[in-house]
Each structure stands twice: as structure tokens, then as C-alpha cells.
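Notes follow once the structure below has been shown.
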Number of protein chains: 2
Amino acid sequence: MTVEMIFVGTELLLGNIVNTNGQFLSEQCAALGLPVYYQTVVGDNEERLSAVIETAFSRSDVVLLCGGLGPTEDDLTKEVCARTMGIPLTEHPEARAELDAFMSRLNVVITENNYKQAMAPVGAVYADQLPDEKKAGDGRGGKGVENDGDENEAGSGEGGRKSVAADRCLLLRNPNGTAPGLLMEKNGKTAILLPGPPNEMKPMFLDQVKPYLVKKSGQVFLSAVVKICGVGESSVETRVLDLVDSQTNPTIATYAKTGEVHIRVTASGKTGEEAQKLIKPCVKELKKRFGDDVYTAKPEVSLEMAVVKLLNKYGLTITTAESCTGGMVAARLVGVPGVSDVFSEGFVTYSNKAKRKFLDVSKTTLKKYTAVSAETAKEMAIGGVLANDSDMCVSVTGLAGPDGATPEIPLGRVYIGCCLKGKTVVKEYNFTGSREKIREMAASAALDLARRCILEQCKGK
Amino acid sequence: MTVEMIFVGTELLLGNIVNTNGQFLSEQCAALGLPVYYQTVVGDNEERLSAVIETAFSRSDVVLLCGGLGPTEDDLTKEVCARTMGIPLTEHPEARAELDAFMSRLNVVITENNYKQAMAPVGAVYADQLPDEKKAGDGRGGKGVENDGDENEAGSGEGGRKSVAADRCLLLRNPNGTAPGLLMEKNGKTAILLPGPPNEMKPMFLDQVKPYLVKKSGQVFLSAVVKICGVGESSVETRVLDLVDSQTNPTIATYAKTGEVHIRVTASGKTGEEAQKLIKPCVKELKKRFGDDVYTAKPEVSLEMAVVKLLNKYGLTITTAESCTGGMVAARLVGVPGVSDVFSEGFVTYSNKAKRKFLDVSKTTLKKYTAVSAETAKEMAIGGVLANDSDMCVSVTGLAGPDGATPEIPLGRVYIGCCLKGKTVVKEYNFTGSREKIREMAASAALDLARRCILEQCKGK
């Protein structure tokens, strides 16, 4: 079963946005063991989109289409894909009601063009309303019960094409937006339509499309993701090369992320247990090789979640004292649900005055060593603990640029401090890239340093 | 003249890396006004790559190929592209010498497979060695002098295809790596081969390919982006529909962003002035229609930049008091270079205790109205101004979930306060989506409210 992807959106062709959806879906399909040979980006243009869809179906079994499901005139994906597959559309009463409910929750007056999002193939049902055995692709290409009798209903396909109902059509709920997703099976081919905004597309894929693909492929694939901080990508690659080369099941692949490297271990089997058994020794070996550089082996756990988990485990509270990251570390911690048990407040002290006033950094230190120094980072971390009465504080001060570099302090120089139980550690970093990239790397490094300090002082005690 | 892009690399299909080259080249082409209708990602596979190249030439004039120029067996782009175009390759003595020189600078022993990078079409010359008038595409499809006499030279094209020299072949220098780029013109079509690593591809494109494309296209394109906050995408679309439908130069297109809608206005002309003249009245009309909902018309200006600009203009300082956004507002402000003139510090007050301690929110308010209330947002904003001695403070408190919803306070309810010169405004919002999405929307809304308060109180005074 081969999968192909089509990304629809003039904003991609114009370079307004990076195609991060492409990476997400590619990584997901790789993790499911589904071969992807082609990806295409095409604009919101009927003729070209239709041609691209036809080409995709001529060479792949499943076509994922992403983008162009919105309410505007530009959004054509559903209409063009249905027409290309010869499937007629009609207004879906429940989808219309969902849309009304969503817009009223937002207190937004609905405009008529919104209702095009409620159009769906004749006989479409919500995926979660199917009886269990019908929910996912069964590989048999069977029709859903709902379509009985619709098969020969002629639609109004333009260009003289005769439209008949699909073999099976499922609507995919979109709790994060107005456009539902859509899954259409016909003549052994499947089109899966996903919205373009990543916060809508990702949960829809994970919750509704992934189970379908898993069942359809007839094999269970399981992945562990060994996530590593503080080691460069090429170094990680070199240290796992023997495993990558010698393994076929599980497969091992490395992915570079901002401030992190992920090693994905994927195994396939007839059952989940069988796959799990194959993964386990490999993850164990990776953990042995990288030790405390590994912060999790679970795909869904982020670095900030790992930090919050450790804080909870050892009954610690944390505070933040940020200069160049300007609140990014705090914001990432607050992104973890339930963080209130371990995080109560944080400081953004961008000016020297604020570092003095709220964190009690001494005037002499700022004058003698400047704000971007190990000494300032140290006093910020200590000051944060004292000001907030928390168990630990992580501090960040650095030069994110683009201006201000000196012979002594190059662009990208960042000092991160961590004070825990009276012991304060400071590390120097030299990041490269844009202001944004330097700040993101610094925020990751700060979370990682907090994690390492907790492990060092609390592990096994 | 249409341009199409092909990105070659299994690492893209597996999702190991994000295709940032795609955005870079798309944005560059858009800025040059070159229409790009298709982009394809394909793996390091001879048959599939060749088919994709043929398809691209059947529908586009210029094909940019990116990746697969390296020394390994996997790297096939040059070989496959030349074969598909029927152009024979031979070792290029100067390219071989350059390669030797590069490797010796790196102190690396050269291996035999490296020399495949020195293969080039018969008669190829370095672009910078051409006489000036021959350097860039002249649109006449003329042959370069260097190929005189080569035209009918039979090559050893595989599969029985007769290979003849290209109309013009240019080698593109790669000061940052071993693989030179390549530009091949034949029968009115142009293939431009670029290396995959961004640090090699970008300078090669900017220094050697861009001037070629500019000269070849003979037209100048300019864009303005009217950015709007506080109005939904479908509403914006409805209000500009008449302009979108009636305009061909400039063209008008809307883009939904998190918490914002962007309207891009693009015009083409023989000169920059001519294009600018066409854009101006259209931008003026859009500004008239959306008034203060527009925060900029410049592509490079973000919402936080617009806020910082206003603060600078009216000599104001700002501070932040954040609960559910946990530092996101401050972090976005700090993302603006030079923010230190207007932003000195911010508070993340996630717990009630922190709201009391640092912002002096009264115990009674928190008890009577809870933390997620207009009253708390108001006191947080006032408290922020007092605690920090700044001119204004924007405050955010809300329920980002996933837990904690009550009949009174639904998930996504957010209150944003703004205190400026003794006047405090509070607004209620109901966002939907994940915890992350709700927080991102709240941060945008907070920046927008700050912007509106400044305009309301300071504009024209």
C-alpha cells in the first residue's frame, strides 16, 4: 500500500509558509511503515489540482491531500477531488449543524460561504459514528452500509463526467476548526482530505486517520522515540551507525530537531505485542549508549513535559528568570497541562534595571561582567529562587542579536544558570542562526539544564 | 516564463528534515514575479526522478532541481537530469581541479567517488567566466559561443536516446561545498541544479541563479501585505471579494494566520516604480475598508513589531502580566530587535498567590470572581503598571484546558486587560482548539488589544 501526498495552497508556492505539514505526515507514514514516493505542492487552481490528483491516483493507493478545505473561494480541494473521483457532493445536515454550533461558541456571525464546508459526498457519515468493525480500512474495499442504493445515483459532475457515490465516505471531525476532514474510497483508491492549519491537521490525523491507515495496511507498527538533548546530530548518527546498518526490524532513523535529536525505533509485527518485543532491546541499548542525554523514549513526551514530570516526582517547584528568551522557557512550561503543581510564577527581566530590582543581581556584577556573563546568569538563578520562594530557578541571559556583538561577546553567546538546593550551575553556549533560532535553542538548553540538575541532585536519593 | 521545483531526497520523504529550501526558493521566485505552479518531492530513485523531470518540462519553462548532487551512490540528480534531457556528460578538468583544491583546504583525502561531482555537460563553462552579455538568460534561447560545433556531436545516451550537447551549459561555483551547481538550456527549456544543503544552495541561488532569472524574465514584481487582526478569515474574504474578482494586476489573495488574516497585493511592471504605482491605490482601499483592524501593509512587519513601533512612536513603555499564556506575550515582544527601549520586564503569574504577590490582585476578587474573570484581568493590568512603573500593561488570564471547564467558565474563555494612562480596558474572548492554540490566539489578541488601546488614546494627539 503506497501513500502519496498533495499539499494544496498558493501560500506554499509563494513561500509564505514552510511546509511543516509535509514533514509531520512523512514522519508519521514512515513510522507506520507506509512507503511514500512522491509529494506534490500545487496551488488553489482547479485544473492543475485535478491533474495532480489524477497523476497521484495513477501511481499510489492512498492520496493524502492537505489544505484548501476552508470557507473561501480559493478553497477547492474537496470540490476538485470529489469531481476528479466522480463523486457527487451534497449538503450534510449534521456537518452544517456542527458548523453552526462551532461558530456560535466563537460568538461569530456565520456568513453564507461558510456552509460550503458542510458539503460532503452523498451518504457520508462521521467516522466515529460507524460501528466498530466499519471504522477503519479493512482492505476489502467494501461499501459502507450507509451507501446502499446510492451507488448508481447519477450526480451532476461537470464536464460530462458521470458521478456516482463513493464506495465509502467518512467525515472526520475537526474539534479545532470549521472544516471537517474527509475520507473517500472508490475503485480501490482512497483520498484523505485534511485541513491545512497544523493545529487542526495533526490531531485529526493522529486520532482519526492513523487508526484507519494502520488497519488498512494489515500490520501493526509501533514506534519508540528516544529523544536526546545536548548531543549534536552527526555525533548521534555516528554512535548509532552500527545499529542503523544492521537492523531491518526494528528500523532506526535519526531526526534533527531544534536543540534535540530524536532516534525513532520502529518495529512491525502481526500484533502490538510482537512489535513491542522487537523495540524493547533496541531502546534499552540506545538508553545505555546515551545515558542521561536521553530524556524520554515516548513519542508524545516533550522536553518540558519531562522536566515537569521530574519536578513532580521529586516534589520540587521551579521558577524562571529570563532575559533574551523573554518568557519562552516559562511559556513552554505553562504549555504542560497540570503545571500548576510545580510552577507558580516566572520573571522576564530584559533590562539591567529589572535584573537588579526583581532578582537582586548586583550593580557591580552587571558593570564588571555585563549582563551577558556567567556571573549575571548565576545571580539571576539565585535571585529567582529567593524572590519566589521556590526550590529551583533556571536563568537565561545572552546575545540573540542581530546587533550588539563585541569581540568578547559574539552573537549567539548565551549563559544559562540553574540554582537548586543551594547549588548553582552555569553553562556557556554558543548558538548560531537567526535571533529566533538562537532564542529557541537557548530555551531548550535551559529546560535541559534544569533536567540535568534535578537528575544529578535527586536521582537515587 | 514559469518555474517549477523538484526537491530530491529520501530524507524529505521520510520526514527527517523540513523542506525549508522549498520556502526559500518559493519566496525568491515570488519576489521575482515568476509563477510557480508545482513543486515535487521525490526520492533518490532513477526511474521516478526521471519521470518527474519529464513531467516538469512538459508544463514549465524552468525547472529548479535541489539536492542529490553529492558524491555518494544515492546522488543521481545530475546524471538522471542530463540523461532525461539527452545531454552527454564528461569530466570537466577545471571542476576536477576545483574539487581537489577544496578537499585539500579541508585537509581531507579525496576518494574516487568524489570525482563524479566533476562530471559536466560537454562544453560547460563556469558562469562567471562568460563575457557579460552572455551571463544571464537573454530569452532568445541563443547558444553560448562555447558550444559552437558541438551541436551535432552524438553522445552515449543510454536507452538508445541520442544525446546531443545542450544549447548552453553553465557550471555554478559552490564556495561552501564540493558539488558545483549546473544550468542547462536545451530546446527552450532550462534545468537549474542546486545542492541540497541550505548553506550551499542559498548563496549559489542568490549570487548566480537569481541574476540569470531576473534577466530572463524581464519583469519586476512587488508585493504589499495588508495584515489584519480581530476579523475572521471568511469575513475578510467577503469584504474584499469584489476587489479579488475585478483585479488582475495587482492580484489580491487572503491568507489565514493564527489570530490574523493577511491580504497580499502583488503587481507586476516593467519597472519597480510602475509596479508600486499599481499597488498603492489598492492598499489604500484596503486600509480604508478595514481601518484600525489593519496593523501594517509591509510583508516583513509582525504584530509584535507593529506594537513596538507604536510604543516607540508615542514614547511609551509596556509590561506584561500573563497567566495562561505563561510568557508568550513577553517572548513575542522580546523577539523584536531593539525592544529594550520600550520593554524592560514582564511577569508570569500562573498561581493565584503569584497574582496577589506581584500584581496585588485582591484576595476578594480572586475568591468572588475566580482567576478567570474580567475583574482579575483588570487588577492584573493595573498591578503590572504599578509594580513596574511602566506606561502600560497588558494582562492575560484564561482557561486553556484541557481540564478545568465549568458551566460558568468554558474551555477557551480568556480575559485580556490593558491599562494605559489610568484607563483600563478588559475584553472577553472564547477561543477554541488545543491548549497550545488557545494560548497562541490569546497572545495575539493581547498584542492586538495593546495596539488598539495605544491608537485610541494616542492617535492624533
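Per-structure values
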{"item": "A:R105 versus A:K270: modelled label distance in nm, points set 7 Å from Cα along the beta carbon direction", "result": "4.3 nm"}
{"item": "Over chain B, relative contact order from alpha-carbon pairs under 8 Å, at least 6 apart, %", "result": "10 percent"}
{"item": "Proximal lysines relative to B:K367, as straight alpha-carbon distance under 22 Å, when same-chain residues fewer than 8 apart are discounted", "result": "B:K353, B:K355, B:K357, B:K378, B:K427"}
{"item": "For the protein assembly as shown, fraction of C-alpha pairs farther apart than 37 Å, in %", "result": "53 percent"}
{"item": "Relative contact order of segment B:311-461, defined on C-alpha pairs under 8 angstrom at six or more residues apart (%)", "result": "23 percent"}
{"item": "Cα-projected label distance for B:L386 with A:E112, points at 7 Å along beta-carbon direction, nm", "result": "5.4 nm"}
{"item": "Charge context of A:L49, other residues only, Cβ under 13 angstrom, K/R +1, D/E -1", "result": "-4"}
{"item": "Anchor B:K270: lysines whose Cα lies under 23 Å away (excluding residues fewer than 8 positions away in-chain)", "result": "B:K134, B:K135, B:K210, B:K215, B:K216, B:K280, B:K284, B:K298"}
{"item": "Largest-first principal axis extents, alpha carbons of chain B, Å", "result": "90, 51, 40"}
{"item": "Cα centroid separation, segment A:409-431 to segment B:60-74 (Å)", "result": "42 Å"}
{"item": "Residue-level accessible surface for B:Y37, protein heavy atoms, 1.4 Å, Å²", "result": "80 Å²"}
{"item": "Interchain or long-range residues, amide H under 5 Å from B:Y350's placed H", "result": "A:E345, A:G346"}
{"item": "Label point 7 Å beyond Cα along the C-beta direction, distances from A:R239 to other copies (nm, shortest first)", "result": "5.5"}
{"item": "Rounded percent of accessible protein surface that carbon and sulfur make up, segment A:323-371, 1.4 Å probe", "result": "50 percent"}
{"item": "Local net charge near B:V226, Cβ-Cβ under 14 Å (Lys/Arg +1, Asp/Glu -1)", "result": "+3"}
{"item": "Position A:E91, label points 7 Å along Cα→Cβ, spacing to each other copy in nm (shortest first, one decimal)", "result": "7.3"}
{"item": "Amide H within-cut-off set for B:T319, under 5 Å, with H built and near neighbours excluded", "result": "B:M392, B:C393, B:V394"}
{"item": "Inter-label distance, nm, simple model (7 Å from Cα along the C-beta direction), B:T248/B:N199", "result": "4.7 nm"}
{"item": "Residues in segment A:184-209 that, when all protein chains are in place, have 40 Å² or more less accessible area than the chain alone would give (probe 1.4 Å)", "result": "A:N199"}
{"item": "Accessible area per residue, Å², chain A with all protein chains present, probe 1.4 Å", "result": "41 Å²"}
{"item": "Accessible area that becomes buried as B packs against A, both chains, 1.4 Å probe, Å², nearest 100", "result": "5600 Å²"}
{"item": "Distant-in-sequence amide H partners of A:A405 (H built 1.01 Å from N, under 5 Å)", "result": "none"}
{"item": "Inter-copy separations for A:E274, label at 7 Å along Cα-Cβ, nm, ascending", "result": "6.8"}
{"item": "For residues of A:411-420, the mean tally of beta carbons on other chains within 10 Å", "result": "0"}
{"item": "Largest-first ordering by accessible area, 1.4 Å probe, given options A:F221, A:F431", "result": "A:F221, A:F431"}
{"item": "For B:330-341, mean number of other protein chain Cβ atoms within 10 Å", "result": "6"}
{"item": "Helix-derived mean residue ellipticity, 222 nm - over chain A, DSSP H n ≥ 4, -39500 (n - 2.57), to 500", "result": "-11500 deg cm²/dmol"}
{"item": "Reachable aspartates and glutamates, given that their alpha-carbon falls under 19 Å from the alpha-carbon of A:K421 and they are not under 8 places away in the same chain", "result": "A:D341, A:E345, A:D360, A:E375, A:E379, A:D389, A:D391, A:D448, A:E456"}
{"item": "Whole-Hz ³J(HN,Hα) from phi, Karplus 6.51 cos²θ - 1.76 cosθ + 1.60, for segment B:102-111, glycine and proline x", "result": "4, 5, 6, 4, 7, 6, 10, 6, 7, 9"}
{"item": "Peptides B:7-16, A:203-212, B:177-186 ordered by average Cβ neighbours within 10 Å, highest first", "result": "B:177-186, B:7-16, A:203-212"}
{"item": "Peptide-level mean, for A:23-35, of C-beta atoms on other protein chains within 10 Å", "result": "3"}
{"item": "Low-density loop positions, GluC sites (Glu not before Pro), segment B:259-358 - DSSP coil, at most 15 other Cβ in 10 Å", "result": "B:E300"}
{"item": "Zone residues, segment A:387-408, relative to A:E456, backbone N less than 14 Å from point 7 Å out along Cα-to-Cβ", "result": "A:393-395"}
{"item": "Summed side-chain charge close to A:L13 - residues other than A:L13 whose Cβ falls under 11 Å, Lys, Arg +1, Asp, Glu -1", "result": "-3"}
{"item": "Accessible surface, 1.4 Å probe, highest first, among residues A:M305, B:M441, B:M201", "result": "A:M305, B:M441, B:M201"}
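The values are calculated or read from the model by the stated rules, or taken from the named source; none is laboratory data. As the structure is a computational prediction, the values presented were derived from the model and not from experiment. Please note: Cβ atoms are built from the backbone with ideal geometry, for glycine as well, and neighbour counts cover all protein chains shown. Surface areas here come from the heavy atoms of the whole protein model, side chains and all, with no ligands, DNA or RNA. Shrake-Rupley method; radii C 1.70, N 1.55, O 1.52, S 1.80 Å.
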